[in-house]
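Here is the structure we will look at.
The values are calculated or read from the model by the stated rules, or taken from the named source; none is laboratory data. Please read these numbers as outputs of a predicted model, since none were measured by experiment. Don't worry about glycine lacking a Cβ; one is built from the backbone with ideal geometry, like all the others, and counts go over all protein chains shown. Calculation scope for accessible area: heavy atoms of the full protein, side chains included, ligands and nucleic acids excluded. Shrake-Rupley method; radii C 1.70, N 1.55, O 1.52, S 1.80 Å.
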Amino acid sequence: MSKFTVLNHPLIQHKLTIIRNERTGTRVFREVANEIAELMVYEMTRDLPLEDVEVTTPMGKSTQKTLTGKKLAVIPILRAGLGMVDGVLRLIPAAKVGHIGMYRDEKTLKPHEYFVKLPSDIDQRELFIVDPMLATGGSANMAIEALKKRGAKKMRLVVLVAAPEGVKSVQEAHPDVDIYAASLDEKINENGYIFPGLGDAGDRLFGTK
């Protein structure tokens, strides 16, 4: 079974409350969503491997630590996942960016894939799949499956708000993919949205209805 982790840093929780508020406008919602993604990735990357390197400081030569050059990529699930990419890149500017396009049928609530564009060396990279919401798990499962078909081996799913149903679905379908969330909310309501959630993340990010 994959690991599910709620990143409950006080700053993450404070900023999440801001974007839950229905009065928060598009500009602030967009800024804060990226800030949360940045904080989440900071917490998640504590296990990145380091190696020794010799540097010359103003005082002389010294052996210090540097990242081993591990290849990373961020993969937003379109379109709402775009609202987390800049936050990740602020911390890891050298990461490649791929895109997976999904849309949800409003009647069946099932996801459909319409676009996939990925770095050519996807099989050599650790992937951060980003999407603000993990509701039923349908889109996440389809995105992970699409990545695996194209050779991806190591992935983490990063979401702002998760529902228990979605977490269970992804863990059962992909026990090798760890999940990180800023919050585990109560449930999915009758309309297929997470409660209390934060509404339709895509509409709130891009000012659409």
Subject >> Residue among K149, K110 that alone is over 17 Å from the mean Cα position of the chain (by Cα), over 26 Å from F29 (Cβ atoms), open to solvent by 20 Å² or more (accessible area, probe 1.4 Å) and at pLDDT 90 or above >> reply: K149
**OP:** Looking only at the stretch 162-175, count how many residues are surrounded by fewer than 23 Cβ atoms within 10 Å (Cβ to Cβ), out of contact with any helix residue (DSSP H, G or I) (no Cβ under 6 Å at 6 or more places or on another chain) and not hydroxyl-bearing (S, T, Y).
**Re:** 7
Original post:
Does E165 qualify as being at negative phi, outside any strand (DSSP E or B), free of Cβ contacts under 8 Å to residues at least 12 places away in the same chain and not hydroxyl-bearing (S, T, Y)?
Top reply: no
**OP:** Check whether at least one residue in the stretch 82-91 is assigned to a strand (DSSP E or B) and surrounded by fewer than 16 Cβ atoms within 10 Å (Cβ to Cβ), and report yes or no.
**Re:** no
**OP:** Looking only at the stretch 176-191, count how many residues are over 17 Å from the mean Cα position of the chain (by Cα) and exposed (fewer than 15 other Cβ atoms within 10 Å of the Cβ).
**Re:** 5
Original post:
V55 versus (1) out of contact with any Lys or Arg (no Cβ under 8 Å at 6 or more places or on another chain); (2) over 19 Å from Y180 (Cβ atoms); (3) of a type in the set (A, V, I, L, M): which is the lone unmet condition?
Top reply: (1)
Original post:
How many residues are outside any strand (DSSP E or B) and touching a helix residue (DSSP H, G or I) at 6+ places or on another chain (Cβ under 9 Å) if we restrict to the stretch 104-123?
Top reply: 4
Original post:
Can you find even one residue in the stretch 119-133 that is more than 24 Å from T45 (Cα to Cα), open to solvent by less than 70 Å² (accessible area, probe 1.4 Å) and of a type in the set (V, I, T)?
Top reply: no
Subject >> the stretch 1-57: number of residues that are under 19 Å from V159 (Cβ atoms), of a type in the set (G, A, S) and not in a helix (DSSP H, G or I) >> reply: 1
Subject >> The one condition in (1) open to solvent by 50 Å² or more (accessible area, probe 1.4 Å); (2) under 13 Å from the mean Cα position of the chain (by Cα) that N34 fails to fulfil >> reply: (1)
**OP:** Identify the residue in the stretch 58-77 that is assigned to a strand (DSSP E or B) and modelled with pLDDT under 90 and, among all such residues, is least open to solvent (accessible area, probe 1.4 Å).
**Re:** T66
Original post:
Right, V41: touching a strand residue (DSSP E or B) at 6+ places or on another chain (Cβ under 9 Å) and surrounded by 16 or more Cβ atoms within 10 Å (Cβ to Cβ) or not?
Top reply: yes
Subject >> Pair list, Cβ < 6 Å and 6+ apart or interchain, from the stretch 88-111 residues that are within 12 Å of I75 (Cβ to Cβ) to residues that are assigned to a loop (DSSP other than H, G, I, E, B) >> reply: K96/P119; G98/L118; G98/P119
Subject >> Residue list for the stretch 92-103, filter: touching a helix residue (DSSP H, G or I) at 6+ places or on another chain (Cβ under 7 Å) and open to solvent by 50 Å² or more (accessible area, probe 1.4 Å) >> reply: V97
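Okay, residues lined up against (1) among the aliphatic types (A, V, I, L, M); (2) part of a strand (DSSP E or B); (3) modelled with pLDDT under 95:
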{"site": "I129", "(1), (2), (3)": "yes, yes, no"}
{"site": "T136", "(1), (2), (3)": "no, no, yes"}
{"site": "L157", "(1), (2), (3)": "yes, yes, no"}
{"site": "L160", "(1), (2), (3)": "yes, yes, no"}
{"site": "S183", "(1), (2), (3)": "no, yes, no"}
